[in-house]
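Asker: Quick one: the structure is below, and I'll ask about it shortly.
The values are calculated or read from the model by the stated rules, or taken from the named source; none is laboratory data. Predicted model, so just to flag it, every value in this text is computed and none were measured. Don't worry about glycine lacking a Cβ; one is built from the backbone with ideal geometry, like all the others, and counts go over all protein chains shown.
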Amino acid sequence: MCGIVAYIGEKQAYPIILKGLKRLEYRGYDSAGIALLGDQINLYKKAGKVSVLEAYAENQDLNSTIGIGHTRWATHGAPNDENAHPHLSGDSELAIIHNGIIENYDSLKKELTKRGHTFKSETDTEVLIHLIEDIRTNEKVSLDTAVRIALREVVGAYAIVILDKTNPDVLVAARKSSPLVIGVGNNEYFIASDATPIIEYTKNVIYLEDEEVAIIEKGKEIKITNIKNQAVTPYLHQLEMNLEAIEKGGYEHFMLKEIYEQPQSIRNSMLGRLNLESGIVTMGGIEEFESKFLNANRIIFVACGTSWHSALVAEYMFEDLARIPVEVEYASEFRYRNPIIDERDIVIAISQSGETADTLAALELAKEKGATIYGICNVVGSSISRATDAGSYTHAGPEIGVASTKAFTAQITILALMALSLANKKGTISKTRYHALVSQLKCIPEMVEKVLKTNDQIKYIADLYKDVSNFLYLGRGYNFPVALEGALKLKEISYIHAEGYPAAEMKHGPIALIDENMPVVVIATKVSNYPKVVSNIQEIKARNGNIIAIVTEGDVEVKEMSQFTIEIPLVDEFLDPLLTVIPLQLLSYHIAVMRGCNVDQPRNLAKSVTVE
Ligand code: G6P
């Protein structure tokens, strides 16, 4: 949520910052801005995408080797030029970029107004830079000291970088609950919300920790202190990401590229965990806490969005195979509900970004109450992965499209491996089923490749239904969460209203909506509840609904009742979500493209939601 990027060094800052903003645009894209230091701080900011800013700045004087930039997802104040970051202090000597929310900005603003400050924007960020300016001027302290004092007064989340006209060789950065990475180059530094703007210049990075302030000075070593001004030794990490992984590689959109990457990302998630010869599943994170897992009272999953849907699939997997009671919680509800948790519980957070504010807060609450906390994240070194006792990375590679696709199937792969490993250790699965599932899991990447071949057929269906106003998605058992995910994918990128439902629940409400204009996507593969789903399809057909069914290869019964069927290979229901979700991802993608929507950056959404 909001992308920040800054540069200090020998090179021209503007092109580096602009390119960085384009890479970070998935985090927010309602306005963008850059501040460069010349004789004064020069500001360029515009409502709209980074390309609007680029066009605006084109013929201006952009000569500078130090600057800061921001791409915004509005929280306080409409997305217009004035509210776009960077924001200046009252004396125009400081400029700030900020990702996060200053919750007590209103009381701070009132106090500062009494002291003579006036504000140009409606943002919480402008209040913060005025506060820092006020402290620096009145207490006659250095910028970093003023930042530390100010941050002690602030309630909320922040990743900030500040540019100072009076000190042209220094940037000051700080973070709390919002990510910030510093790339260490040759006589130059890059600062960003994640590593994607940094990777093409250096692989050496420092992850700033909560409540740390960094003084980044040209030609000098970075100095880090906490907000109490105690020195912290920076730890240099090596990035493993490569540039190719964050580019479109010939695809029209990141989302399509990421859909097509799934055979490989699923394979990568199994790598080193599933021994293809012996069929043994080894999950490092679980082994470390083996007795806790085997004796767990309950497993509670906390997550948001698509990751919450993965958690719902996990509920079926873990209860079915490992016989451990599972609860699945929206992180945002869990954290404020005074939940009953104790040390016999394991709380597992699922998060692609590893930065979702609600998920992180839910984990911290569970930790306070003594539970063992585990993370399933895609982004290495992310806040959630660092906050947990143990965890498993999904290894899906960077996911840039705002609508999550390959992260979902990578999460399901990890969850399947965990459920299999636990079931095997607990003896709650027969050896025959265990080995059958392991060998099917091995074949999933090839099966996904086969499902992707239905793309042209799905495109044809998309063309017929692209103009409808509503869609219903139905599934049962393991495929109920997939129905929710299919509906979410469609609504978030095409803006068509879509609802996911357990197929049997349809008759308690949504059935009233069914008429000849209502397309109903039904997951009707040949798994245990197939006959029940067939009955549900009959109910839709009786009301003239349009049925688009995901079926098992060779299916005859559902084919006769449906307008369209998309065939996928037969697999155990435990692994079915890894296949059934693929046609739903493609359907939403094609409908959105045909409706002229921006699939990679749908309106109002952001990839990484670092505010609650
Ligand atoms: C946002 C994204 C979704 C994502 C959700 C949870 O809403 O747009 O794609 O599923 O956040 O994010 P996480 O990074 O925690 O999985």
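Yes/no per residue for (1) at pLDDT below 95; (2) touching a His at 6+ places or on another chain (Cβ under 7 Å):
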site	(1), (2)
Glu399	yes, no
Leu415	no, no
Lys425	yes, no
His435	yes, no
Met447	no, no
Ile458	no, yes
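Asker: Now, a different point. Residue under question is Phe254, and the condition is that it be under 26 Å from Thr359 (Cβ atoms), surrounded by 22 or more Cβ atoms within 10 Å (Cβ to Cβ) and either aliphatic (A, V, I, L, M) or more than 16 Å from the ligand (Cβ to nearest atom) (or both); does it hold?
Answerer: no
Asker: Limited to region 346-380, what total is found for residues that are within 11 Å of the ligand (Cβ to nearest atom) and acidic (Asp, Glu)?
Answerer: 2
Asker: Restricting attention to region 471-501, which residues are within 14 Å of the ligand (Cβ to nearest atom), surrounded by fewer than 24 Cβ atoms within 10 Å (Cβ to Cβ) and touching a residue at least 60 places away in the same chain (Cβ under 8 Å)?
Answerer: Leu484, Leu488, Glu492
Asker: Hey, does region 77-87 have a residue that's part of a strand (DSSP E or B) and surrounded by fewer than 24 Cβ atoms within 10 Å (Cβ to Cβ)?
Answerer: Step one: filter region 77-87 for residues part of a strand (DSSP E or B), giving 87.
Subset that is surrounded by fewer than 24 Cβ atoms within 10 Å (Cβ to Cβ): none.
So far as region 77-87 goes, no, none of its residues is part of a strand (DSSP E or B) and surrounded by fewer than 24 Cβ atoms within 10 Å (Cβ to Cβ).
Asker: What about Asp467, is it part of a loop (DSSP other than H, G, I, E, B) and modelled with pLDDT of 95 or more?
Answerer: Values: part of a loop (DSSP other than H, G, I, E, B): yes; modelled with pLDDT of 95 or more: yes.
Against the criterion (part of a loop (DSSP other than H, G, I, E, B) and modelled with pLDDT of 95 or more), Asp467 qualifies.
Asker: Hey, another quick one. Restricting to region 583-609, name every residue that is more than 19 Å from the chain's Cα centre (by Cα) and part of a helix (DSSP H, G or I).
Answerer: Of everything in region 583-609, those that are more than 19 Å from the chain's Cα centre (by Cα) and part of a helix (DSSP H, G or I) turn out to be Pro583, Leu584, Leu586, Leu587, His590, Ile591, Ala592, Val593, Met594.
Asker: Just one of the numbered conditions (1) within 13 Å of the ligand (Cβ to nearest atom); (2) within 18 Å of Thr610 (Cα to Cα); (3) of a type outside the set (S, T, N, Q) is not true of Phe408; which one?
Answerer: The failed condition is (2).
Asker: For region 301-319, what are the residues that are outside any helix (DSSP H, G or I) and more than 16 Å from the ligand (Cβ to nearest atom)? Full working, then the answer.
Answerer: If we filter region 301-319 for residues that are outside any helix (DSSP H, G or I), which is where we start, we get 301-304.
Those that are outside any helix (DSSP H, G or I) and more than 16 Å from the ligand (Cβ to nearest atom): none in region 301-319.
Asker: Might you let me know whether region 227-249 holds any residue that is touching a Leu at 6+ places or on another chain (Cβ under 7 Å), within 29 Å of Val147 (Cα to Cα) and not basic (Lys, Arg)?
Answerer: yes
Asker: Of the residues Ala512, Ala483, Ala498, Ala504, which is part of a helix (DSSP H, G or I), of a type in the set (Gly, Ala, Ser) and modelled with pLDDT of 95 or more?
Answerer: Answer to the selection: Ala483.
Asker: Would you please name the residue that is surrounded by the fewest Cβ atoms within 10 Å (Cβ to Cβ), looking only at residues in region 299-336 that are β-branched (Val, Ile, Thr) and over 23 Å from Val438 (Cβ atoms)?
Answerer: Val328
Asker: Looking at this structure, is Ser383 within 11 Å of the ligand (Cβ to nearest atom), under 22 Å from Glu247 (Cα atoms) and of a type in the set (Ser, Thr, Tyr)?
Answerer: no
Asker: On to the next question. If Thr413 satisfies all but one of (1) within 16 Å of the ligand (Cβ to nearest atom); (2) touching an Asp or Glu at 6+ places or on another chain (Cβ under 9 Å); (3) in a helix (DSSP H, G or I); (4) of a type outside the set (D, E, K, R), what's the number of the condition it fails?
Answerer: It is condition (2) that Thr413 fails.
Asker: Within region 48-76, take every residue that is modelled with pLDDT of 95 or more, closer than 26 Å to Lys109 by Cα and of a type outside the set (Val, Ile, Thr) and give me the one that is surrounded by the most Cβ atoms within 10 Å (Cβ to Cβ).
Answerer: Top of the filtered list is Gly69.
Asker: How about region 21-45: which of its residues are part of a strand (DSSP E or B), buried (at least 20 other Cβ atoms within 10 Å of the Cβ) and of a type outside the set (Phe, Trp, Tyr)?
Answerer: Ser31, Ala32, Gly33, Ile34, Ala35, Leu36, Leu37, Ile41, Lys45
Asker: In region 322-345, what residues are away from the ligand (no atom under 14 Å from the Cβ) and of a type in the set (Phe, Trp, Tyr)?
Answerer: Residue satisfying the conditions is Tyr336 alone.
Asker: Of the numbered conditions (1) surrounded by 24 or more Cβ atoms within 10 Å (Cβ to Cβ); (2) modelled with pLDDT of 95 or more, Val184 fails exactly one; give the number of that condition.
Answerer: Exception for Val184: condition (1).
Asker: Give region 563-598 a look and list any residue that's buried (at least 24 other Cβ atoms within 10 Å of the Cβ), within 16 Å of the ligand (Cβ to nearest atom) and among the hydrophobic types (A, V, I, L, M, F, W, C), or say none.
Answerer: Within region 563-598, Val581, Leu584, Ala592 qualify.
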